[in-house]
Every structure is written in C-alpha cells, then in structure tokens.
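Please treat every number below as a calculation from the coordinates, not as lab data. None of these values were measured; they are calculated from a predicted model. Counting neighbours? That spans all protein chains shown, and the Cβs are built from the backbone with ideal geometry, glycine included.
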Amino acid sequence: MKKAARHPFSETLIAWYKDHARDLPWRRTNDPYIIWLSEIILQQTRIAQGLPYFYKLTEAFPTVFDLAAADETTLFRLWQGLGYYSRARNLHKTAKLIVHENAGIFPSSYAELIKLPGVGPYTAAAIASFAFGEASPVVDGNVYRILARYFGIETDILHTSARKEFTALAQELIPASDPARFNQSIMEFGSLQCSPAPTCDACPLVAGCLAFQQNRISLLPVKSKAKPQRIRHFHYFIIEQGGRVLVHQRQAKDIWQGLWEFFCVESASLDEAINLYPFLSPLMLYAQGLQTPAIHVLSHQKIVSEASLVQLPEKFTFEIPADYHWILSSEFEQLGKPVLLLNLITDNIALKEILEG
Ligand code: SF4
C-alpha cells in the first residue's frame, strides 16, 4: 500500500486538489451523519442544486436522532424538488435503524456501511474514507472517466465486470496514509478538470495520460448505448368539490412512491383514460383543460402530462375510486408531491387560487 502512495497519478491528483478544492460544508467535518446525509443528497444531483437542500436538512435535523424522530411528511416536504424520493425514504429508514438498533452510532467500516438501506458501494466508500479513514476507493462516473482516459482502459463501463476492474485499479492507487484526500481529489478532478469536455492543456496529468497521447479522449470511457427512454402519458384530473380535492398517495413500486397527487390515469389519450374509468364520463361536463401536454424528463423516463380541472357542483355524487380520498384544497400544499405537479400549480393561477383555499 505504501508503494501505491507513491504512484505519480495519486501524488499529482492530491497536489492538484490542494490548490483547487472547493470549500464545501461536508468537507469540513468527519461526522459520519453529516457525510452520509450529503452523499445521499448528492446522488444523481449536482452540487449547486444539492447545497440548499443540505443546509435545509441539516438545520431541520442536526443529528441522526432528529432525523429518526421526524415524520415522513415533513421530510418529504423538505426533500421536494430533489426527485428520486426513494432516497428520502431510505434516509429515514436508515436513521431509524441507526438510532433504534445501534444507539445512534454509525457503522465504521465499508463492509457494515454497505448494508444500510440506500447506501451503495460509492456512498459506503465515501463515508468509510471521509469519516473513518478507511482506504476504500470511491468509483463512480467521474472515476471511470479519469481512469479510463489516463490508463487507456477500453472496458465498457456499462458492463457488469467494469466496476470490479476499476475498483481494483483505484484500490491500488489509493494511498493508505490519506484515503480521504485521494477520494476527494479524484471526485473533484472529475468534476472540474477531467470532465466530459476536459481542459487537457491545463491538466497536471497530461504527460502520463494515454487518451491524450493517443488522441482518444472523446472515445474514452467506452459506454455502450443505454436503453431507450420510456415515454409515459399521465392524465391528471383535479377533481374539486366544496373546497376539497381528491388525492391519493402513490404506493406502487414505481416513480414517486409515497408522494401525493390528484386523480391520475396513465393512458395514451384522454378518451382512453375516460374509457378506463367510466365514472369520469359525467364529470367531464364540468371539466376545463388546464395544461396542454407538458414534458417532464426523468433519468430513464419521459412523462408527458395533461391536466383537467373538474369543479363539481355540491350536489353531484359519484363513486370515489379506491385509494383516493378528499382533503381540504388548502391541505395539498402541505403534502410531498412530484415536481411535475409543483410546476403545474405554479404555472396555473386558477389552480393555485383553488389550492390556496
Ligand atoms: S489530459 Fe485530459 S483526458 Fe487526460 S486526465 Fe487530463 S484532463 Fe483528463
């Protein structure tokens, strides 16, 4: 391991980091709770987007005990806009597990950390190295890119064998004497220097970089074509009657699990939605279109949504679909909801006024 510490790649990277590191709040601590929280926030999220959420969540829940004691609705509301709500759910689950089964103490090794809900190899390695000084290398898209380019590796990073190969290489490179600094350096280098459009002229690793020497930068890392994006059509019916709206909480193992929404039908067209749910047919007498198709892009799906506002007279009766119930219109604001609905409300003055009561 001492030999690995002398690898010119690692030394150069760490020296570069000393001059270029951004001052970020989670880098000023070795508290595993704060590091874990920041890592979960930053999964699939850019630093600029995650930073306000980090401040908001650490202020609301300064310790793992506060997070474990929080109710899910409060957490989801604070998480609103970050997406990937399974992260928030796992955050809560893990906090409760650590408080109730481990007296609030975080596991201190990669092997134990990876058993926590929502903690994958990257997050476990980050916490193990930053909080506990364990020589566990972080391996993510940034690391694949840097290593593939510098060492000229042709392995398809979407292939199942890639993680093993790149982790083994990073394990050789990480110095046992300063694993946290190495991991921070390689992550920062991937964000700022060896980015998808790198600035090789100013790169301290350029002399040893095989991709640069062989003019293969745009070809590395090798990444086979990802699966085509799935396109889904959601038709929302905002059914309002006497100051109440009809809502439900998404339960299925699907996007937005646990979030709240209006009556929603997934179907190719409005006519098909009404055919699927015949009770809608008489309600459409009171409907007005709220939204022409809007597109909401998720990582592997594209949601095309349309919405109708259905304001029913007091005496109108119909059979409420299973799993739906009435709430006061003004209560909807308090519930965690998908960004798609937040945008719909923000863009519609009429709807906004109804929901403000
Ligand atoms: S020379 Fe360019 S491609 Fe090679 S490590 Fe530096 S920034 Fe990345």
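Quick notes
- Note on Y150, Y324: ascending count of other Cβ atoms within 10 Å places them as Y324, Y150, the fewest first.
- When Rg and the Kirkwood Rh are both derived from Cα coordinates, the Rg/Rh ratio for the chain amounts to 1.06.
- A full extension of the chain between A103 and F151 corresponds to an added length of 12.8 nm, given 0.36 nm per residue minus the alpha carbon distance.
- Region 248-325 has equivalent-ellipsoid semi-axes of 23, 16, 11 Å, by the square roots of 5 times the alpha carbon gyration tensor eigenvalues, sorted largest first.
- Residues in region 238-259 that a label on L342 would reach, taking backbone N under 16 Å of a point 7 Å out along Cα→Cβ: 256-259
- Our analysis of region 37-165 gives Rg over Rh at 1.01, with the two radii drawn from alpha carbon positions and Rh computed by the Kirkwood formula.
- Relative contact order (%) - criterion: Cα under 8 Å, at least six apart; region: region 225-272: 42
- When the listed pairs K93/K223; K93/K337; K315/K352; K56/K96 are checked against a 30 Å cut-off, the alpha-carbon distance exceeds it for K93/K223.
- Inter-site label distance for Y55 and F316 at 7 Å from Cα along Cβ, in nm: 4.5
- Candidate lysines for bridging to K227, where Cα separation is under 19 Å - those fewer than 8 sequence places away on the same chain excluded: K302
- Highest mean packing comes first when the peptides 307-319, 229-241, 182-194 are listed by Cβ atoms within 10 Å, giving 182-194, 229-241, 307-319.
- Net charge of Cβ neighbours under 15 Å - reference S269; Lys, Arg +1; Asp, Glu -1: -3
- Rounded to the nearest 5, the antiparallel percentage of DSSP beta bridges internal to the chain is 60%.
- Ranking of C200, C264 by count of other Cβ atoms within 10 Å, fewest first: C200, C264
- When only alpha carbons of region 146-266 are considered, Rg and Dmax amount to 23.2, 72 Å.
- Listed from fewest to most Cβ neighbours within 10 Å, the set D66, D323 follows the order D323, D66.
- Within region 330-357, backbone nitrogen closer than 17 Å to the virtual label 7 Å beyond the Cα of K227 toward Cβ: none
- Region 1-130 - percent relative contact order, Cα under 8 Å, separation 6 or more: 23
- Across the chain, Cα pairs under 8 Å and at least six residues apart give a relative contact order of 17 percent.
- Within the shell defined by Cβ-Cβ distances under 11 Å, the residues around C209 carry a net charge of +2, with Lys and Arg each +1 and Asp and Glu each -1.
- Available extension along the chain between D201 and Q301 is 32.3 nm, counting 0.36 nm per residue and deducting the alpha carbon span.
- In this label model, Q43 and H20 are separated by 2.8 nm, measuring between points 7 Å along each Cα→Cβ vector.
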